[in-house]
Amino acid sequence: MYLIEPYRNGEYITDGAYALAMQVYVQQNVFLDDGIIFPYYCAPKIEIGRFQNAASEVNQDYLDENGIILVRRDTGGGAILVDDGAVNVCFLVPEDSGVYGDYKKMYEPVIRALNNLGVKNVEQSGRNDLVIDGKKVSGAAMTLSSGRVYGGFSLLLDINPEAMVKALNPNRKKIDSKGIKSIRSRVTTLREHLAPEYRDVTTAEFKDLIIKELLQIDDVDKAKRYELTDEDWQAIDRLVEEKYKNWDWNYGKSPRYSYNRDGRLQAGTVEISLDVESGRIENCSIHGDFFGQGEIKDVEEALKGARVERGELEETLRPLDLNHYFGKLEDRELVDLILS
């Protein structure tokens, strides 16, 4: 099999949006005389399914505070946190390989690889998971694409239960210890099951160990590689810019939704009701016991069409004298209320 890794000019690319864009590009454009394996790890990202509502799936404040990006993939499914505690392995093999839909067959070389690294009691479970003593260490998915099976699986070297709970629970104001306990009861890490000589490996080192085991080589430098060309990278750049780092794709593709927020601000109690279509405010209604002199309809109209995103909301409100409409009120307070 050919090995493709996210190296560009000698630098390993850990941007999660690029990780997804590279997979999609290779799947659609790179056809070789053998199968392809594409292992990677990346900086933290939330990846949501194609049909999910970003606003209802994530805690955007937590993502912003911790530098976690959100990326919408092209396929369905749920929201997941992907970070550098996991090695993700994607593959492209001919449709006649017989692996499509057969997760047991897909996982056989993975189980052998983990056994060789000292992991015992690992087995395929359910439809598409790997477990150790009943606790999940991997999940997989696959589909057909242009006569090839396109699939992938994760290998959890380490996990961050607190980040999982905080990032994926938008309605929680603080961490729920029960949520962390629930994750720990259902998931385990591979690190604690590796042979002693591998327990202190970095994610990059673990990635190389998995490559060597899956490709049955004793040095990653012996792998048969396909190096992404400058033309490949230019196409990937366009894909990232036009899609996977494009607000309209990641947030604007969210289904229509409505919500109400209310809070006690400097000016008094403010209640705001919003209808949001494609990530932008379509209708806005503001009420409260504040003392303003201007017509509140001016603020409502100004907010229509704005993206539900801090920077654009602040820019939209900046020309308005909110003290005139509410009494004493800062732009930041109203934006915080909308995004709360």
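The values are calculated or read from the model by the stated rules, or taken from the named source; none is laboratory data. Bear in mind the structure is a predicted one, so any value in this text is a computation, not a measurement. Every residue, glycine among them, receives a Cβ derived from its backbone with ideal geometry; neighbour counts consider all protein chains shown. These area figures cover heavy atoms from the full protein model, side chains too; ligands, DNA and RNA do not enter into them. Shrake-Rupley method; radii C 1.70, N 1.55, O 1.52, S 1.80 Å.
Given the -39500 (n - 2.57) contribution per DSSP H run of 4+ residues, what per-residue ellipticity at 222 nm results for the chain, rounded to the nearest 500 deg cm²/dmol?
On the way: 13 runs with 112 residues, N = 340.
The per-residue figure over the chain is -9000 deg cm²/dmol.
Taking 0.36 nm per intervening residue step and subtracting the Cα-Cα distance, what contour gain separates His287 from Asp33 on full extension?
Working: separation 254, 0.36 × 254 = 91.44 nm, distance 6.49 nm.
Full extension from His287 to Asp33 adds 84.9 nm.
Counting only heavy atoms of the protein chains, get the accessible area per residue of the chain (1.4 Å probe) and round it to a whole Å² value.
Numbers: 16890 Å² over 340 residues.
Dividing the accessible area of the chain by its residue count gives 50 Å².
Using unit Cβ charges (K, R positive; D, E negative) and no other charged atoms, how large, in debye to the nearest 20, is the dipole of the chain about its Cα centre?
1300 debye
Which value in nm describes the separation of the simple spin-label points at Arg310 and Ser125, placed 7 Å from the Cα toward the beta carbon?
Going from the Arg310 label point to the Ser125 one covers 3.9 nm.
Assuming R0 = 45 Å, can you tell me the calculated FRET efficiency for the pair Ile111 and Asp248, based on Cβ-Cβ distance, to the nearest 0.05?
Once rounded, the FRET efficiency stands at 0.60.
Modelling each spin label as a point 7 Å along the Cα-to-Cβ direction, I'd like the Met1/Ser340 distance in nm, to one decimal.
If labels sit at Met1 and Ser340, their model points lie 5.0 nm apart.
DSSP beta bridges in the chain, what fraction antiparallel, as a percent rounded to 5? The partial results should precede the final answer.
Values: 51 of 59 bridges.
DSSP beta bridges in the chain are roughly 85 percent antiparallel.
Assign one of three labels to the chain, namely rounded, prolate or oblate, based on the Cα gyration tensor with a ≥ b ≥ c the square roots of its eigenvalues; rounded applies when a/c is under 1.5, prolate when it is not and a/b is larger than b/c, and oblate otherwise. Before the final figure, lay out the partial values.
On the way: a/c = 2.71, a/b = 1.98, b/c = 1.37.
It comes out prolate by the Cα gyration axes.
Within the chain, what whole-number % of the accessible surface is contributed by carbon and sulfur, with the 1.4 Å probe and all protein chains included in the calculation?
Details: 7410 of 16890 Å².
Carbon and sulfur atoms account for 44 percent of the accessible area of the chain.
Given 0.36 nm per residue, what is the gain on full extension from Lys222 to Ser258 after removing their alpha carbon distance, in nm?
On the way: separation 36, 0.36 × 36 = 12.96 nm, distance 5.53 nm.
Here the answer is 7.4 nm.
Using only the Cα atoms of the stretch 40-177, what do you get for the radius of gyration and for Dmax, in Å?
Both quantities, over Cα of the stretch 40-177: 16.4, 50 Å.
In nanometres, what is the gap between the two model label sites at Ser273 and Lys104, each 7 Å from Cα along Cα-to-Cβ?
5.6 nm
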